[in-house]
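The values are calculated or read from the model by the stated rules, or taken from the named source; none is laboratory data. Here the structure is a predicted model, which means the values were calculated and not measured. All Cβ positions, glycine included, derive from the backbone under ideal geometry; neighbour counts span all protein chains shown.
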Protein chains: 2
Amino acid sequence: MDAAPTLGPFDELARDAAEQEGLISFAGGLPDAQLFPKRQLGAAFLKVLSAPSCAALQYGWPEGSAPLRERIAERLVARGAHVTAADVIVTSGAQQAILIALAVAPRKDTVGVDDECYPGALAIFRGAGASLNPLLAESALYYAMPSMSNPRGQRMPAAERARLLELARAHDGYIIEDDAYEATDFRGETSRPLLAEAPDRVFHVGTFSKTLCPGLRVGWLVAPRAFAQRALERKQNQDLQASSLSQELLVEYLKHEDFDRHLSRLRSRYLKKRKRLEASVREHLPQLRWTSPSGGFSLWLEGDHPLAGEDLLRAAVDEGVAFDPGESFRRAPSPHFALRLCYSAVPERQIERGIIRLARALRKASSG
Amino acid sequence: MDAAPTLGPFDELARDAAEQEGLISFAGGLPDAQLFPKRQLGAAFLKVLSAPSCAALQYGWPEGSAPLRERIAERLVARGAHVTAADVIVTSGAQQAILIALAVAPRKDTVGVDDECYPGALAIFRGAGASLNPLLAESALYYAMPSMSNPRGQRMPAAERARLLELARAHDGYIIEDDAYEATDFRGETSRPLLAEAPDRVFHVGTFSKTLCPGLRVGWLVAPRAFAQRALERKQNQDLQASSLSQELLVEYLKHEDFDRHLSRLRSRYLKKRKRLEASVREHLPQLRWTSPSGGFSLWLEGDHPLAGEDLLRAAVDEGVAFDPGESFRRAPSPHFALRLCYSAVPERQIERGIIRLARALRKASSG
């Protein structure tokens, strides 16, 4: 049986919430639409449509646009990886890249994951019938976000990183490195990907969804060279190719715009929101614990008492606020309750009001 | 081991061909770029970017855009199917819809297919380890293009259609109905989909790739209701959702443009090209057999003597012309040689020159 990121028990509630006028939503990991480079993409669109071959609307190769693969490779090289454009497969978002990595990895009966991680990846591993181990237990495959974790927003400590590589090497395991949130580090420090340390062991996954726009559905996969051909065949088998239009838009955008400046603006905007959310949570939800994130889109909050995410979410939606229940992110069930609050897409001036509503819902659900 | 549509033995040759200046290519099933509604899509782009929520660049629901699903359902209803928008899942092209149908179909050890059919589907079935049966033998699953076949460009005869439905019903089988070329029927006659006859047995697959632009990567799946939820979960698991941007553009396009008029223009353009190709083949390749297609993008040509598609393609690329070797389309090996010639994307005035080159290549390869 397949699982799915949001099509679980919370799906119906999430849809009710989305329909509700005036609801403040901390759910979903959506980027701030104010950061979408609309004007630049508009210019890029007119440009790509005027190209005589109109590649943006035609079929393309399964591995993706050559200049886009160049740009992706360049950015990885700048971070220490030995990668060429030929190693990059453009995918329909990071989700598909994870799916392909799992499909071609030689063994996948056990997958090591963080105690909390990206629900889309958990759905893929569970759907394939894998058992989920703690990340630093011996497994056939490991899934990690070393540069910036979701939902916690933390960079992986050096010792853990070394241990992960050692485990993979010692037991002929492979690592899926999900780099989706790398560019969101608030200090603006780039990180050396695991791919740079062990290119023969690492499936490296990235995306433009968190940095530019998820609606384009463009991500990428760098597979170990021994698996590159099979990964490409699998990509083609899945959907032939990523959107030509999205790829051509990105090529134009990256050619003319200063992407690093965009990322710097993005980080300062998200940092301001994170601070506002932390201040609100500190004031109105003092009973919950969290570690201040050093990047990413969200706060991972934990409580001591048992409370089903569904019950809290129902109460919250009644109060006009939504969040992601912690259960979706967990490798294994826990008696303690947790939730993810994304500050990324909430207008800054609504953050405190949302947290006041959530505090009210938590009181009701806990006493109910 | 996975197979893949073009990543087989012909891939390298196809890539060489694509790089060659002045080559005339009858390969690949590409639509005519002259038919892409560039101006209309340009207007649509500016419109969707100016929407306050900017849904075109943001995440959307896994099942796709509600108004787009409405438009797709309406067109199916007009052809006799009992479908609502809620039955439609927007996919990243038809390839993904076929993959999802196979994934959720209850049995898939045997798949009945035409003796020649779409290589992308064959790759999916072979990749899943299915045995391929003749279409009208008893199978667990059937894959067919009843409205317009690829590569032959024929509508399925009524008797065969009735037999297929009878087989599926009698042996608890399911049918994947690939409707990709439906709108290309030269007479402009729409057809009643198998979905209308047996909604509980038919996975209906469609796409905008052949009628508007493949670069958008938008197709759809209507699954039998008993499988709808699993199909949606699978869709989400694969890549979360189809491109928001492409979907919003299509909604705008379909709202303001006369799609049926566009289809009518498209048919007359392809019909002219088909006639030109047939005249050229009749004159320069009289030793090959074909049936005049009543729609689609291509001519399926067969010869009596054995000749490997790879050898002919190599000789052809040397002469400055390319095509799709017949082997890619075949359910089972054949001693006779065959090839697919797509007239769709070749400028009309180049068609005869291309066929003269091909005739020269065929002489060389046959004598060599």
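Among what's in the stretch A:253-264 and is assigned to a helix (DSSP H, G or I) and over 13 Å from residue A:42 (Cα atoms), pick the residue that is nearest to the other protein chains (Cβ to nearest Cβ). If we take residues in the stretch A:253-264 being assigned to a helix (DSSP H, G or I) and over 13 Å from residue A:42 (Cα atoms), then A:262 is nearest to the other protein chains (Cβ to nearest Cβ). Contact map, the stretch A:321-334: first residue within 11 Å of residue A:119 (Cβ to Cβ), second residue among the small types (Gly, Ala, Ser), Cβ cut-off under 6 Å, separation 6 or more or different chains; pairs are A:324/A:27; A:325/A:309; A:326/A:309; A:326/A:338; A:327/A:309. Across the stretch A:24-49, the qualifying residues are those that are within 24 Å of residue B:43 (Cα to Cα) and of a type in the set (S, T, N, Q), and the one among them that is surrounded by the fewest Cβ atoms within 10 Å (Cβ to Cβ) is A:34.
Residues in the stretch A:42-59 that are facing chain B (nearest Cβ under 7 Å) and in contact (Cβ under 8 Å) with a residue 40 or more places away in the chain: A:45, A:56, A:57, A:58, A:59.
Would you list the strands (runs of 3 or more DSSP E) that sit entirely within the stretch A:94-161 and hold 1 or more residues that are of a type in the set (Phe, Trp, Tyr)? Passing ranges, in order: A:141-144. Among residues of the stretch B:147-161 being more than 12 Å from the chain's Cα centre (by Cα) and touching a residue at least 24 places away in the same chain (Cβ under 8 Å), the one that is nearest to residue B:296 (Cα to Cα) is B:154.
Scanning the stretch B:116-131 for residues that are of a type in the set (A, V, I, L, M), under 19 Å from residue B:324 (Cα atoms) and touching a Lys or Arg at 6+ places or on another chain (Cβ under 8 Å) yields one hit, B:122. Can we say residue A:99 is surrounded by 23 or more Cβ atoms within 10 Å (Cβ to Cβ) and facing another protein chain (nearest Cβ under 7 Å)? The answer is yes for residue A:99.
Contact map, the stretch A:167-181: first residue in a helix (DSSP H, G or I), second residue surrounded by 14 or more Cβ atoms within 10 Å (Cβ to Cβ) and hydrophobic (A, V, I, L, M, F, W, C), Cβ cut-off under 8 Å, separation 6 or more or different chains; pairs are A:167/A:136; A:168/A:175; A:168/A:198; A:169/A:198.
Residues checked against (1) of a type in the set (Val, Ile, Thr); (2) under 21 Å from the mean Cα position of the chain (by Cα); (3) under 15 Å from residue A:326 (Cβ atoms):
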| residue | (1), (2), (3) |
| --- | --- |
| A:256 | no, no, no |
| A:262 | no, yes, no |
| A:269 | no, yes, no |
| A:304 | no, no, yes |
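When the stretch B:236-252 is filtered for residues that are in contact (Cβ under 8 Å) with a residue 40 or more places away in the chain and within 9 Å of another protein chain (Cβ to nearest Cβ), the ones remaining, listed by number, are B:236, B:238, B:239, B:240, B:241, B:242, B:243, B:244, B:245, B:247, B:248, B:249. If the condition is being within 13 Å of chain B (Cβ to nearest Cβ) and either part of a helix (DSSP H, G or I) or surrounded by fewer than 20 Cβ atoms within 10 Å (Cβ to Cβ) (or both), then the stretch A:214-235 contributes A:214, A:215, A:216, A:227, A:228, A:229, A:230, A:231, A:232, A:233, A:234, A:235. Here A:288, A:240, A:263 are screened, and the one residue that is on the phi > 0 side of the Ramachandran plot, touching a Gly at 6+ places or on another chain (Cβ under 9 Å) and either hydrophobic (A, V, I, L, M, F, W, C) or surrounded by fewer than 24 Cβ atoms within 10 Å (Cβ to Cβ) (or both) is A:240. Taken over the stretch A:324-368, the residue count meeting the criterion of being basic (Lys, Arg) and part of a helix (DSSP H, G or I) is 6. Of all residues in the stretch A:324-368, those satisfying the criterion of being in contact with a helix residue (DSSP H, G or I) (Cβ under 8 Å, 6 or more places away or on another chain), small (Gly, Ala, Ser) and under 14 Å from residue A:310 (Cα atoms) are A:326, A:328, A:338, A:361, A:365, A:368.
For the structure I just gave you, tell me whether residue B:274 is among the basic types (Lys, Arg), assigned to a helix (DSSP H, G or I) and surrounded by fewer than 19 Cβ atoms within 10 Å (Cβ to Cβ). In short, no. Just one of the listed residues (A:106, A:52, A:67, A:134) is closer than 15 Å to residue A:246 by Cβ and surrounded by fewer than 18 Cβ atoms within 10 Å (Cβ to Cβ), namely A:67.
Scanning the stretch B:192-210 for residues that are free of Cβ contacts under 8 Å to residues at least 60 places away in the same chain and within 18 Å of the chain's Cα centre (by Cα) returns B:194, B:202, B:208. When the residues of the stretch B:15-25 are narrowed to those that are out of contact with any strand residue (DSSP E or B) (no Cβ under 9 Å at 6 or more places or on another chain) and closer than 20 Å to residue B:356 by Cα, which ends up modelled with the highest pLDDT? By that ranking, first place goes to B:22. The set of residues in the stretch A:26-54 that are out of contact with any Phe, Trp or Tyr (no Cβ under 8 Å at 6 or more places or on another chain), modelled with pLDDT of 95 or more and outside any helix (DSSP H, G or I) contains only A:36. When you look at residue A:306, is it touching a Pro at 6+ places or on another chain (Cβ under 6 Å), more than 20 Å from residue A:147 (Cα to Cα) and surrounded by fewer than 22 Cβ atoms within 10 Å (Cβ to Cβ), yes or no? When the stated conditions are applied, residue A:306 passes them. Taking the criterion of being under 24 Å from residue A:230 (Cα atoms), within 10 Å of another protein chain (Cβ to nearest Cβ) and assigned to a loop (DSSP other than H, G, I, E, B), would at least one residue in the stretch A:65-86 satisfy it? No, every residue in the stretch A:65-86 fails to be under 24 Å from residue A:230 (Cα atoms), within 10 Å of another protein chain (Cβ to nearest Cβ) and assigned to a loop (DSSP other than H, G, I, E, B). Looking for something aliphatic (A, V, I, L, M) and either within 27 Å of residue B:122 (Cα to Cα) or part of a helix (DSSP H, G or I) (or both) - is there at least one such residue anywhere in the stretch A:201-210? Within the stretch A:201-210, none of the residues are aliphatic (A, V, I, L, M) and either within 27 Å of residue B:122 (Cα to Cα) or part of a helix (DSSP H, G or I) (or both).
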